[in-house]
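The values are calculated or read from the model by the stated rules, or taken from the named source; none is laboratory data. Just so you know, these numbers come straight off a predicted model, no measurement behind them. Using ideal geometry, Cβ is built from the backbone for each residue, glycine included, and neighbour counts are taken over all protein chains shown. Only protein heavy atoms, including side chains, enter the accessible area calculation; ligands, DNA and RNA are left aside. Shrake-Rupley method; radii C 1.70, N 1.55, O 1.52, S 1.80 Å.
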Amino acid sequence: MTMHDIKINTERLLLRPLRTADAEDVFEWVGDERVARYMVYTTYSDIEQAREWLAFVEKDTSTYYFGFERVADGKLIGSGDIGVDSSKDCWGFGYNFRYDCWGMGYATEAVKAMIHYACVNFGARKFASSHCEPNLASGNVMKKCGLHFVGYGEFEKLDGSMKMRSMEYEGEITESVF
Ligand SMILES: CC(C)(COP(=O)(O)OP(=O)(O)OC[C@H]1O[C@@H](n2cnc3c(N)ncnc32)[C@H](O)[C@@H]1OP(=O)(O)O)[C@@H](O)C(=O)NCCC(=O)NCCS
């Protein structure tokens, strides 16, 4: 099995590989400025950008990317990734969801599943992530997944269009936590 075949089932979600055929669904959130606001990417203006990103994801073997599919209706409602963060000697992760799916516990459910997978399959223990200071919902996801606030850092969008303070989180997690 390759990293592009991994599937993880949770109570309400199927975490599965992303593919270029997902571009239309993905564009629903990467093209939404309410979702993109605190992400490193800038709001996509064209579905072609989503196709290009998905083509990159399919080739990138340095990180595990997942589409989050809602089991109830088979709809792709978000995506995330987890991988080794060599600069911090730990595992890092990220996530984003379609706006109309916020506030239902999906992010916590998906991130816990990614962390659990990394613990069980790769012996991952140390995790770190961060969010833009005003993005408190994201901090709450990190706390609910066993990380704690360790200090402030700096966030910058990939295109340099926004810089602001970030809140950094870390945690030592064992598979038995979830
Ligand atoms: C951040 C994001 C992923 C959260 O997803 P979600 O599915 O709504 O998160 P959850 O429902 O699992 O909520 C986690 C916790 O945050 C809390 N929360 C939700 N929205 C909140 C808000 N606006 N302010 C503060 N807390 C909030 C929830 O109440 C929950 O805690 P609780 O269970 O104690 O009530 C989602 O808002 C999103 O996709 N945002 C845009 C992309 C993004 O910012 N990604 C993270 C970049 S670091």
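The table below gives the values:
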read-out	value
Residues that are touching a residue at least 24 places away in the same chain (Cβ under 8 Å), closer than 21 Å to Val35 by Cα and open to solvent by 50 Å² or more (accessible area, probe 1.4 Å), drawn from segment 120-139	Ser130, Glu133, Pro134, Ala137
Evaluation of Met167 against (1) within 8 Å of the ligand (Cβ to nearest atom); (2) of a type outside the set (S, T, N, Q); (3) surrounded by 13 or more Cβ atoms within 10 Å (Cβ to Cβ) (one fails), failing number	(1)
Residue within segment 90-99 that is more than 17 Å from Cys145 (Cβ to Cβ), free of Cβ contacts under 8 Å to residues at least 40 places away in the same chain and open to solvent by 20 Å² or more (accessible area, probe 1.4 Å) present	no
Selection count, segment 69-101, where residues are within 12 Å of the ligand (Cβ to nearest atom), over 20 Å from Ala21 (Cα atoms) and in contact with a helix residue (DSSP H, G or I) (Cβ under 7 Å, 6 or more places away or on another chain)	2
Asp60 being open to solvent by 50 Å² or more (accessible area, probe 1.4 Å), within 29 Å of Glu172 (Cα to Cα) and among the acidic types (Asp, Glu)	no
Filter result for Ser161 (open to solvent by less than 20 Å² (accessible area, probe 1.4 Å) and within 24 Å of Arg37 (Cβ to Cβ))	no
Residue within segment 102-109 that is more than 8 Å from the ligand (Cβ to nearest atom) and either closer than 15 Å to Met39 by Cα or among the small types (Gly, Ala, Ser) (or both) present	no
Filter result for Val30 (open to solvent by 60 Å² or more (accessible area, probe 1.4 Å) and either closer than 26 Å to Glu133 by Cβ or acidic (Asp, Glu) (or both))	no
Lone unmet requirement of (1) open to solvent by 70 Å² or more (accessible area, probe 1.4 Å); (2) more than 10 Å from the ligand (Cβ to nearest atom) for Lys144	(2)
